[in-house]
1. What FRET efficiency comes out for the pair Ser413/Arg515, r = Cβ-Cβ distance, R0 = 25 Å, nearest 0.05?
2. Add -39500 (n - 2.57) for each DSSP H run of 4 or more in the chain, then divide by its residues: what number comes out at 222 nm, to the nearest 500 deg cm²/dmol?
3. Return the sequence-ordered ³J(HN,Hα) values of the range 512-525 in whole Hz as given by the Karplus equation 6.51 cos²θ - 1.76 cosθ + 1.60 applied to θ = phi - 60°, using x for Gly and Pro.
4. With the other protein chains left in place, how much accessible area per residue, in square angstrom, belongs to the chain at a 1.4 angstrom probe?
5. Between Ser64 and Arg151, with labels modelled 7 Å along Cα→Cβ, what's the label distance in nm to one decimal, could you check?
6. For Thr278 and Trp586, calculate 0.36 nm times their separation in residues minus their Cα-Cα distance, and state this gained length in nm to one decimal.
7. Could you derive backbone 3J(HN,Hα) for the range 371-376 from the dihedral phi with the Karplus parameters 6.51, -1.76 and 1.60 (θ = phi - 60°), listing whole Hz in sequence and x where the residue is Gly or Pro?
8. Rg to Rh for the range 49-123: what is it, with Cα atoms only and Rh by Kirkwood?
Amino acid sequence: MSRRRWLAEYAATRTSLRSALILCLLAGLILAAPAAAQLCEGASSITRLGGANRFSAPVEDQESLQALFVSQREDILSLLAEANWSGDPDDLFAAVAAWRGVTSTTFDPGQRVQWMFFRERGQTPTLGTNLCWAGGEAFAAWEIRFNSNGRWYSMIVPESCGNLALLAEQPLPKVTLDLDIGGLSCSDRTFDFQSSCADGESAVTVRMPDGGERSAASGSVSFPFTAEGDYTVTATCSAMSSRGDRLEDSVSRTIAVGCPSCSVTAAPAEVDLGESSTLTVAPNAGHGAEVSRVLLDGRPLASPYTREMTHDGADAFTHTVTVETSTGQSAQCSTGMKVAPTVTISIEPDRVLVRQTAVVTVAPENGNGAPVTVALDGQPLDQPYQREVVHATDGEFTHTATVENAGGSNEASATMKVDRRWTLMPTLSLLSGDDVHISVLGPDTRDRLKACVDGVGVGLAAEYRLSYPVGFMFGANTINCEVDWWLHPGGRTGYAGADIEMKKFFVGLNFHLTRPGSRVDWWLGPVIAQLDYSSPSLVPTGMDGASVDAVYRPEWPGETVLGANMGLKIPFKTDCPVGLYLGAFWFDSSMKAKSSEIRGDDGALAPAFELRKTPVYVHAGISIEF
């Protein structure tokens, strides 16, 4: 059987005797004076200590008091059980043995005790309750103050008799403090705690990372914070005992306050469609926490927290990062990434003549992105993104297309060449052709006629380009050539020569055989010409210088002939409007002459005849484009 159980049973057996014993003890006491009796109203008065009912011999020093609790241990334990004392006897004995909380005091008349130990006739330990000191003066005593089982106790032992008595007791203040990391809110920048104080007054302080302290309320509190770090919350519950002791219970808890954060960058932040950017995330778990997970646009992102990002469409995109920590907190950050649409431009044809139409086609590419706006040379361009362009002057012209949406803009350019339509060609001309032989003019007259076969002159031609392959050409030439006549009448020989002028007016089409932009321009084409000749007067002279007695005045009327034209021009330098011109004309000519009287020795007349010739004109000069 345990000691406590034995003491409890022992106390129960003696409960019925307590009232009778107290009456017997009090019967031997001297009645208090009327004043003391008035102070002790409602309690049993004690006017004398010591004598036959003392608990032990006097305890006048520390050694005797400590000896009392050693020698009388069993009786003290028994009486404590009888008094139903809620404390732990070991705490009482330990306080006395360690001389902790033991002081010397005086007990004044009128003071009361809840119970006191006695010995009946110095032998049997007994217990008196609700007692009051009604003696004439205070008595010296030892006071023992200690805590046990959550209560504060004050007991006294009078020096004169060793009667242990319970002077006062009260509950100890009790504090609770609940500080959980789950109450941390990084959005509100607060952390929560809950404290309570029983049987006392509460006080709560928060020690911040910088060492400063702030007061807080008790109960449920959301404490605001600015800086991250360790916050220590101390909750204190305090009270003053009836004997002036400060009773206190204090609990401290520390919380590591840290909020996650992050930053994300896109490098480069602006790209063209089809290009990629590198997203780099810098997560920060905050003080006292670790990064548990990083999400980029809802997808897990592993260390080193980078990802290549490519978009199928052109637009402005936002990428969001979520950082989660081991403390259950999360933070978000985001960055913008712009994907600009691309554009291509083409001109068909890219080389035209002045005032000739070309078509500019713009092809924007935005993938699956947002709609785009397109402009050509600063002017809005609608679908199908084409525009005709015409230039009134020659030169190189650059057309620029711009495409734009929220993701940015891009532009592309194309250059077209505009060439001149007109070419002026002043030339020097050389004429060559066939000799024509006339066998018989009369019965005994033979001769040979060479008519305007060789000659030089000048000319001027112009070409207007209808298109690159086809040009319209016109112009005129004048050539001075010689007519030679060898006459053989009657066995004699005579010669006559004269200069004539041949004029040529022509028009034709040129079919150019070189591509646009080639340095050498070469062409072929048909021509139609009007040929006009002047009429000479031929009087042959013999070997001796005498007239042969013959006169020939041929009249060649103008004729319209067909022919062919070939030419080329080479600019003196690239894109120079002036160059070298070389060309040739070929005609099928028939110089028909009327009959004319030719008087020779035989007196015969010359018949009408026709000179068939195929003259070739060779030209050399310069070409001037305008």
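1. Efficiency for this residue pair is about 0.60.
2. -3000 deg cm²/dmol
3. My calculation for the range 512-525 gives 7, 9, 10, 6, x, x, 5, 5, 9, 10, 10, 9, 9, x Hz in order.
4. Accessible area per residue: 49 Å².
5. Placing both labels 7 Å along Cα→Cβ, they lie 3.0 nm apart.
6. 103.5 nm
7. Whole-Hz 3J(HN,Hα) from phi for the range 371-376: x, 10, 10, 10, 9, 10.
8. 0.94
The values are calculated or read from the model by the stated rules, or taken from the named source; none is laboratory data. All values reported here derive from a predicted model rather than from experimental measurement. Cβ sites come from the backbone with ideal geometry, for glycine too, and all protein chains shown count toward neighbours. All accessible areas refer to the heavy atoms of the entire protein, side chains included, with ligands and DNA or RNA removed. Shrake-Rupley method; radii C 1.70, N 1.55, O 1.52, S 1.80 Å.
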